[in-house]
Amino acid sequence: QLQFVESGGGLVQPGGSLKLSCTASTFILRYYGMAWFRQAPGEEREWIAGIDVTGRTTNYADSVKGRFTISRDNGVDTMYLQLTSLKVDDTAIYYCAQCRDDVGTCLTVSIWGQGTQVTVSS
């Protein structure tokens, strides 16, 4: 059984927007810090955003700061990533992750989502 269901990826033009979602199916989301990672072809998997258990504290990698927004709705066990002002360099597989910490730093990942492809191209 999948522990996350990821959705929302697709093909978008530069400057466009997309919203990803990640719904927990086997655990209660509110007890865990969460994060989004991405991995481009030939690159290492990169942490890009984290969120604490309450949703009140968020952190971002410099590469996405000001363009992406991480959020969560613990009432429906779902985390989101709003992507705006997309660039070609944002093309990657995006993964949600359950962290072992409470704040989304996510040095250790407990559960990975299956990933969803985001392709930015004209």
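In the stretch 1-16, of all residues being surrounded by 14 or more Cβ atoms within 10 Å (Cβ to Cβ) and among the hydrophobic types (A, V, I, L, M, F, W, C), the one that is nearest to residue 83 (Cα to Cα) corresponds to 12. The set of residues from the stretch 1-59 being among the acidic types (Asp, Glu) and farther than 18 Å from residue 117 by Cβ comprises just one member, 52. When the stretch 64-76 is limited to residues that are open to solvent by less than 50 Å² (accessible area, probe 1.4 Å) and either in contact with a Lys or Arg (Cβ under 8 Å, 6 or more places away or on another chain) or farther than 20 Å from residue 5 by Cβ (or both), the one that is modelled with the lowest pLDDT turns out to be 74. Residue pairs whose Cβ atoms lie under 9 Å apart, sitting 6 or more positions apart in sequence or on different chains, and linking a residue in the stretch 62-85 that is closer than 14 Å to residue 37 by Cβ and in contact (Cβ under 8 Å) with a residue 24 or more places away in the chain to a partner that is in a loop (DSSP other than H, G, I, E, B) and of a type in the set (Lys, Arg), are 83/67. Residue count for the stretch 77-95 under the criterion of being touching a helix residue (DSSP H, G or I) at 6+ places or on another chain (Cβ under 9 Å) and surrounded by fewer than 15 Cβ atoms within 10 Å (Cβ to Cβ): the result is 0.
If the condition is being over 19 Å from residue 4 (Cβ atoms), open to solvent by 30 Å² or more (accessible area, probe 1.4 Å), in a loop (DSSP other than H, G, I, E, B) and not acidic (Asp, Glu), then the stretch 48-63 contributes 54, 56, 57, 63. Based on this model, can you work out whether residue 19 counts as closer than 22 Å to residue 120 by Cα, among the charged types (D, E, K, R), without any contact (Cβ under 8 Å) to a residue 12 or more places away in the chain and open to solvent by 30 Å² or more (accessible area, probe 1.4 Å)? Judged against the criteria, residue 19 is not a match. The residues of the stretch 22-46 that are of a type in the set (Ser, Thr, Tyr) and surrounded by 12 or more Cβ atoms within 10 Å (Cβ to Cβ), listed by number, are 23, 32.
At pLDDT 95 or above and assigned to a helix (DSSP H, G or I) - does that describe any residue in the stretch 10-30? Looking through the stretch 10-30, none of the residues is at pLDDT 95 or above and assigned to a helix (DSSP H, G or I). Would you call residue 98 open to solvent by 70 Å² or more (accessible area, probe 1.4 Å) and under 15 Å from the mean Cα position of the chain (by Cα)? Here the answer is no, as residue 98 does not meet what is asked.
The values are calculated or read from the model by the stated rules, or taken from the named source; none is laboratory data. The structure presented is a predicted model; accordingly, all values stated were derived computationally and were not measured. A quick note on method: Cβ atoms are made from the backbone with ideal geometry, for glycine too, and the neighbour counts reach across all protein chains shown. The area values use the complete protein model at the heavy-atom level, side chains included, leaving out ligands, DNA and RNA. Shrake-Rupley method; radii C 1.70, N 1.55, O 1.52, S 1.80 Å.
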